[in-house]
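Shown next, in structure tokens, is the structure this report addresses.
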Amino acid sequence: MQVAYAILHAQPPAPSTLVHGLSPRLDEVVLRALQKSPAQRHASAREFAEAIRRAAATPGQTWLSRLASA
């Protein structure tokens, strides 16, 4: 029951708290994608992919750049 409650009500942690070195821009993109309300998420997979690509352009995100260009 705790897992179900957390999924429905708790805000997930920012990815950068789990993987050292990720940019705040990537945190914003991922946390937006995980919003509880569909109206607060990206409008489409294309919009989400574009946001990931922009986050990948952040200096120091070389592995993310390779992933986003795949």
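Are any residues in the stretch 32-53 among the basic types (Lys, Arg) and more than 23 Å from Leu8 (Cβ to Cβ), and if so, which ones?
Across the stretch 32-53, the qualifying residues are Arg46, Arg53.
Quick check on my filter: what residues within the stretch 1-43 are touching a Leu at 6+ places or on another chain (Cβ under 9 Å) and among the hydroxyl-bearing types (Ser, Thr, Tyr)?
Answer for the stretch 1-43, where residues must be touching a Leu at 6+ places or on another chain (Cβ under 9 Å) and among the hydroxyl-bearing types (Ser, Thr, Tyr): Ser16, Ser23.
Checking Ala56 against (1) open to solvent by less than 40 Å² (accessible area, probe 1.4 Å); (2) within 30 Å of Leu8 (Cβ to Cβ); (3) among the small types (Gly, Ala, Ser); (4) modelled with pLDDT under 95, which test does it fail?
(2)
What number of residues within the stretch 5-42 satisfy the criterion of being open to solvent by less than 40 Å² (accessible area, probe 1.4 Å) and among the charged types (D, E, K, R)?
Residues meeting the conditions: 1.
Scan the stretch 43-53 residue by residue and report those that are loosely packed, with under 14 Cβ neighbours inside 10 Å and of a type in the set (A, V, I, L, M).
Ala43, Ala45, Ala49 - these are the residues of the stretch 43-53 that are loosely packed, with under 14 Cβ neighbours inside 10 Å and of a type in the set (A, V, I, L, M).
Which condition from (1) at pLDDT 90 or above; (2) in a helix (DSSP H, G or I) is the one that Ala6 breaks?
(1)
The values are calculated or read from the model by the stated rules, or taken from the named source; none is laboratory data. Model, not experiment: these values are computed from the prediction. Cβ: placed from backbone, ideal geometry, glycine included. Neighbour counts: every protein chain shown. Heads up: the accessible areas ignore ligands, DNA and RNA and are worked out on the full protein's heavy atoms, side chains in. Shrake-Rupley method; radii C 1.70, N 1.55, O 1.52, S 1.80 Å.
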